[in-house]
Structures are given as structure tokens and as C-alpha cells.
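The structure appears right after this line, and notes come after that.
The values are calculated or read from the model by the stated rules, or taken from the named source; none is laboratory data. The shown structure was predicted, so the numbers you read here are calculated from the model rather than taken from an experiment. Note that we place each Cβ from the backbone using ideal geometry, even for glycine, and neighbour counts take in every protein chain shown. Just the protein is used for accessible areas: all its heavy atoms, side chains included, with ligands, DNA and RNA removed. Shrake-Rupley method; radii C 1.70, N 1.55, O 1.52, S 1.80 Å.
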Amino acid sequence: MSNPENRPLTLRDVSEASGVSEMTVSRVLRNRGDVSDATRKRVLEAAKQLGYVPNKIAGALASQRVNLVAVIIPSMSNMVFPEVMTGISQILESTDLQPVVGLTDYLPEKEEKVLYEMLSWRPSGVIIAGLEHSDASRAMLRASGIPVVEIMDTDGTPIDSVVGISHRRAGQQMAEAILKGGYERIGFLGTKMPLDHRARKRFEGFTQALAKGGVEIADQEFYSGGSALVKGREMTQAMLERTPDLDFLYYSNDMIGAGGLMYLWEKGVDIPNEIGLAGFNGLNLLKGLPRELASMDACRLEIGRRAAEIIAKRVEEDSDDPQSTRLALEPTITYGDTLRRP
């Protein structure tokens, strides 16, 4: 069974192939109405063999919505977001909703453009990373009339619902663990803060907690570009050549932390006694290192799942008075082999 004319298939094609009326085909494909199992099976088999895909735009014209959820994130090369996407997909796969992804590269103007294009398709909901958006983006989200869930971060005021962790609290907790481990000469290595609000908030929480313990950061270095092992190696070498008496290095993410760990391991440094290390994100990929890097789980999978659950529930209820949700998850520290336990 094929389409030799190479034209768009219609309900009539499926009707002729399955031997039932177009109305019955329509009911089966929309999962509506009373249709026998045998007829349903015949129609679905015919549609599958033809390669027929229903035209959702026609239905969307009546409902003003398509069964898509716009997921707007900074990057897919950053290993954090694939896990978030997995969580979203796990929940939405049991619904009629499908996630579609837009990437912003942490740029507010690009986020505006992606958001504008995605909202023009009238999705059923939006899941968007972060709480910091341009005025234009915030206006579009508020005026969209659909469920909006901002994810990853709870340090701020959401437009609608929010699911994430407090990054300031995460930075504070790591600083407290480092101080309890007896470290005093601490270096910080991270991304340039204007582009990464969540890393900036962790840094703020980290330095505040250190100050409360009577300790100031002894050295710090910020870089542009993606998280990379080679960047972590280079920054670690440069910082220790500049400030050799450091006894702890805190990295804003696990990838650069892993680069630093491998550099120090090759140099024969006694970790965690001579120098301790910690990152952020709790990436499973790094479990195979010679030493397990201390880190903090950012609840990525759970954030994706909970955000998708909020969207799916709101779409299903279709209430005139929807309730916003604020969900702050609690990350946990993994001490690994690079941070002395208190």
C-alpha cells in the first residue's frame, strides 16, 4: 500500500484502504466515538501502511491550540538539559502532548525570537529555563493565555508556575560543607556571570556563606564558552601557578571540575588532603573518573518531570481559574573522593 502520486494523503485514502467511511476513519484517528476494536484495528493498520499523518492544524483552527509544548532552554550541548528533556518526555509520552525544543544560547534577544516563533504556533504550554527574561519575553508569556512553567531556578518571581532549586541555597550549602571540611584557602572557577544567572546566584550564595565563616575567596577565574574538560585543566593549572597555596577549588559545573581533577591526578596531588575539589550538577557521566568528584545533584530529571506534570494537568483541567505552582526541590551534596567529610 503506497502513495504513488506523491501527494498529501487524505482521510479518503485511509477510508478507501480500510473499507470504512471517512467519518469512521476520523473518529478512530481522533480516538472519539463508539468504534469496534476490529474496525479500529483495520483503520489504524491502513493509516500506518499508507504513512498517513493527521492534519493537526485543521483541528487547531477550531481549538486555537496545537498539542505541542514549547520547551525553551539555553543549550543541548550542556549535559544538564538532555536530562531535563528526558524527564519532560517521560511524562508527556502518556498524553497527547509533544515537546518541541527551542535553543537560546543564554542570549535574551535569541530567547525573544524563539519564544515569538513558538507562541505563533499556539502551543498548549511553555516550559522555559530560568526566571530572567527580557521585558518583551515576559509580556509574551503573560499574554499567551497558556500554562507557563519556568524551570531550574526558584530564586525570583515567576510569571506563572516554577519548578527548580534555590541556587543561592545550593552555593551556601557547598560553602558550609567546604568550611566544615577544614579548608580555608579557596579558589572559584566558573562561567562569566552575566550569561548564566544560575551560576551567578550559586556564586553569590557561596561567597556569602564563606564570609559568614570568616573566609574570603583567595582567587577566582571566569571563562566564556561551553563547559569543557580542557577548559577545567587550563584554568586549574593557571590558578595554582598564580596562587599555589590554595587548598580547595570550587567549580561552577562538573565538566570543568572533572578537567581540574584529571590535571591534579596526573600531577600526583594528594586529593582531598592537599587540595579538595567540588563541582555542581552531579553528572552520572563522571562516575568513571579515577576519583569521584564532590558535587551537588541539581534534580534535573525531577525538574523536567514535575514541569511536564504541571502542564499536562493544566491542559487536561482547562480551568478558567488555573492555580500556579511553586515547587522548590532540595539538592543533595555528594562528597565523593575530593571533599573531606566533616
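The residues in the stretch 305-319 that are open to solvent by 60 Å² or more (accessible area, probe 1.4 Å) and not in a loop (DSSP other than H, G, I, E, B) can be counted, and the count is 6. Would you be able to say whether some residue in the stretch 190-200 is out of contact with any helix residue (DSSP H, G or I) (no Cβ under 6 Å at 6 or more places or on another chain) and of a type in the set (V, I, T)? Within the stretch 190-200, not a single residue is out of contact with any helix residue (DSSP H, G or I) (no Cβ under 6 Å at 6 or more places or on another chain) and of a type in the set (V, I, T).
For the stretch 206-231, a residue qualifies if it is in a helix (DSSP H, G or I) and either of a type in the set (D, E, K, R) or touching a residue at least 24 places away in the same chain (Cβ under 8 Å) (or both), and the qualifying residues are F206, T207, Q208, A209, L210, K212, L229, V230, K231.
Quick one: in the stretch 181-205, of everything that is in a helix (DSSP H, G or I) and in contact with a strand residue (DSSP E or B) (Cβ under 6 Å, 6 or more places away or on another chain), which residue is surrounded by the fewest Cβ atoms within 10 Å (Cβ to Cβ)?
A199
Selection of the stretch 220-231 for residues being open to solvent by 60 Å² or more (accessible area, probe 1.4 Å) and among the polar types (S, T, N, Q) yields Q220, S224. Here are E302, E274, E292: which of them is within 26 Å of R200 (Cα to Cα), touching a residue at least 12 places away in the same chain (Cβ under 8 Å) and in a loop (DSSP other than H, G, I, E, B)? Exactly one residue qualifies, and that residue is E292. None of Q98, Q90 is of a type in the set (S, T, N, Q), open to solvent by 20 Å² or more (accessible area, probe 1.4 Å), at pLDDT 90 or above and in contact with a strand residue (DSSP E or B) (Cβ under 7 Å, 6 or more places away or on another chain) except Q98. In the stretch 125-151, how many residues are touching a helix residue (DSSP H, G or I) at 6+ places or on another chain (Cβ under 6 Å) and open to solvent by 10 Å² or more (accessible area, probe 1.4 Å)? Within the stretch 125-151, residues that are touching a helix residue (DSSP H, G or I) at 6+ places or on another chain (Cβ under 6 Å) and open to solvent by 10 Å² or more (accessible area, probe 1.4 Å) number 6. Taking I178 as the residue in question, decide whether it is within 30 Å of P342 (Cα to Cα), β-branched (V, I, T) and open to solvent by less than 10 Å² (accessible area, probe 1.4 Å). So I178 fits the description; yes. Are any of the residues in the stretch 206-219 open to solvent by 20 Å² or more (accessible area, probe 1.4 Å), hydroxyl-bearing (S, T, Y), touching a Lys or Arg at 6+ places or on another chain (Cβ under 6 Å) and modelled with pLDDT of 95 or more? No. Annotation: P322 fulfils all but one of (1) open to solvent by 10 Å² or more (accessible area, probe 1.4 Å); (2) modelled with pLDDT of 95 or more; the unmet one is (2). Are any residues in the stretch 44-87 of a type in the set (A, V, I, L, M), within 17 Å of I146 (Cβ to Cβ) and at pLDDT 85 or above, and if so, which ones? Result: V66, L68, V69, A70, V71, I72. Candidates in the stretch 261-301 are the residues that are open to solvent by 30 Å² or more (accessible area, probe 1.4 Å) and of a type in the set (G, A, S); of these, the one that is nearest to the chain's Cα centre (by Cα) is G288. The set of residues in the stretch 232-260 that are among the small types (G, A, S), open to solvent by less than 10 Å² (accessible area, probe 1.4 Å) and farther than 13 Å from A278 by Cβ contains only G259. For the stretch 116-129, the set of residues classified as farther than 10 Å from L68 by Cα and at pLDDT 95 or above consists of I127, I128, A129, listed by residue number.
Going by the structure shown, is L329 open to solvent by 20 Å² or more (accessible area, probe 1.4 Å) and either modelled with pLDDT of 95 or more or of a type in the set (D, E) (or both)?
Yes.
Checking each residue of the stretch 115-127 against the condition of being at negative phi and in contact with an Asp or Glu (Cβ under 7 Å, 6 or more places away or on another chain) gives no match. Only residues that are over 23 Å from E234 (Cα atoms) and modelled with pLDDT of 95 or more were counted in the stretch 185-203, giving 0.
Given the criteria at pLDDT 85 or above, open to solvent by 60 Å² or more (accessible area, probe 1.4 Å), in a helix (DSSP H, G or I) and closer than 30 Å to R314 by Cβ, does R40 qualify? No.
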